[in-house]
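Take a look at the structure below.
The values are calculated or read from the model by the stated rules, or taken from the named source; none is laboratory data. A quick note: this is a predicted structure, and the numbers were derived from the prediction, not measured. Neighbour counts run over all protein chains shown; Cβ positions are idealised from the backbone, glycine included. With ligands, DNA and RNA removed, areas are computed over all heavy atoms of the protein, side chains included. Shrake-Rupley method; radii C 1.70, N 1.55, O 1.52, S 1.80 Å.
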Amino acid sequence: MSVTQNLSEVLNKIRASEKAANREENSVKLLAVSKTKPVSDIIEAYNAGQRLFGENYAKECADKARELSEAGYKDIEWHFIGPIQSNKTRLIAESCSWAESIDRVHIAERLNNQRPDSMPPLNVCLQVNISQEEQKQGIEISQVLDLSNEISKFPRLKLRGLMAIALKTDNRDILLESFRRMNEMFRTLQQKYPDIDTLSLGMTHDMDEAIAAGSTEVRIGTAIFGARDYSKKASA
Ligand SMILES: *Cc1c(COP(=O)(O)O)cnc(C)c1O
């Protein structure tokens, strides 16, 4: 299967999940997660209409963003979704439209200070840990309001919502339960801040549950670009 065919199938699945959940058509955006994949794959997806791309490694993201911009693909919206190290914030502030994996004030402050004046404010989401012990990234759901309060003070950042990675499980009830808790927090946040409109939930294996529970953006890599091969590549 080609990237073009995969993309079309994923979009069909998103539309079917929206319908099954009685959600409005096109209420869920697709972020194509292109980490470790070559620029040629991104161009194929772009030519099929895709504009939102997600990356996990700051250097790889900045390199791809520059290469594609120079090649004339100027309307790609880059979302950074990986763990953010302090020494990589400048690359992200200068090349991305979004950073969805904010879990510390210190990182947000650096992104705010390094966001170029020539660019609009960086859109940010707070990453919440809903997988219990499985990941290290992300804050507890009980910390969301405090961190939101801090981040809403930064003029070069625009707080847009929440992001989470679910527990790796095929248990639909567990997935739905943790995604619904996120949606509750998302709605609480929406009442406090005007720009909150993004609940980034769902990957290749749990996209349908995420949409059923209110996700507004699914982050899909494998189903579009195929399995990733990490053997050839150093991270970060
Ligand atoms: C890699 C990654 C994805 C995409 O995962 P797939 O299972 O390949 O769809 C989504 N979100 C984050 C944060 C990721 O790191």
Per residue, how much space in cubic angstrom lies within the convex hull of the C-alpha atoms of the chain? 127
Checked against the positive end of the charge dipole of the chain (+1 on Cβ of Lys and Arg, -1 on Cβ of Asp and Glu, about the Cα centre), the farthest of Pro38, Thr204, Ser118 is Ser118
Leaving ligands, DNA and RNA out of it, work out the accessible area of Tyr57 with a 1.4 Å probe and give it in Å² to the nearest 10. 40
Rank Val33, Val144, Val105 by mean-square fluctuation in a GNM of the chain with C-alpha springs under 10 angstrom and give only the top-ranked residue. Val105
Extended-chain gain in nm, criterion 0.36 nm per residue less alpha-carbon gap, Gln143 and Ser118: 5.8 nm
Max mean-square fluctuation residue, GNM over the chain, Cα-Cα springs under 10 Å, options Asp173, Asp103, Asp41: Asp173
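Treating only the Cβ of Lys, Arg, Asp and Glu as charged (+1, +1, -1, -1), what charge dipole size does the chain show about its Cα centre? Round to the nearest 20 debye. Don't skip to the end; give the middle numbers.
Details: 32 positive and 34 negative charges, 89 e Å.
In total the dipole reaches around 420 debye.
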Expected unfolding gain across Met1-Asp195 under the 0.36 nm per residue rule, minus the alpha-carbon gap, is 66.0 nm
Rounded to the nearest 5, what % of DSSP beta bridges with both residues in region 3-227 are antiparallel? 0
Given charges at Cβ of Lys, Arg, Asp, Glu: the chain dipole, positive-most of Gly138, Ala21, Met185: Gly138
Among Lys13/Lys168; Lys136/Lys168; Lys59/Lys192, which pairs are too far apart, with a Cα-Cα distance over 25 Å? Lys59/Lys192
Compute the signed sum of charges (Lys and Arg +1, Asp and Glu -1) over the other residues within less than 10 Å, Cβ to Cβ, of Glu25. +1
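With a probe of 1.4 Å, find how much accessible area the chain has per residue, and write the answer as a whole number in Å². Walk me through the intermediate numbers first.
Details: 11350 Å² over 236 residues.
Per-residue value: 48 Å².
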What is the extension gain from Ser131 to Asp75, computed as 0.36 nm multiplied by their sequence separation minus the C-alpha to C-alpha distance, in nm to one decimal? 16.8 nm
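Tell me the carbon and sulfur percent of the accessible area for region 83-236, rounded to whole percent, probe radius 1.4 Å.
Numbers: 3460 of 7390 Å².
Using a 1.4 Å probe with all protein chains present, region 83-236 comes out at 47 percent carbon and sulfur.
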Whole-Hz ³J(HN,Hα) from phi, Karplus 6.51 cos²θ - 1.76 cosθ + 1.60, for region 114-123, glycine and proline x: 9, 5, x, 4, 6, 10, x, x, 6, 6
Hz values of 3J(HN,Hα) by residue in region 40-53 - Karplus curve (6.51, -1.76, 1.60), Gly and Pro given as x: 4, 5, 5, 5, 4, 5, 4, 5, 8, x, 6, 10, 9, 10
q = 0.15, 0.19, 0.21, 0.22 Å⁻¹, region 67-189: log10 I(q)/I(0) [Debye, one scatterer per Cα]: -0.71, -1.01, -1.16, -1.23
Candidates Asp117, Asp195, Asp206; GNM for the chain (alpha-carbon contacts under 10 Å) flags as most fluctuating Asp117
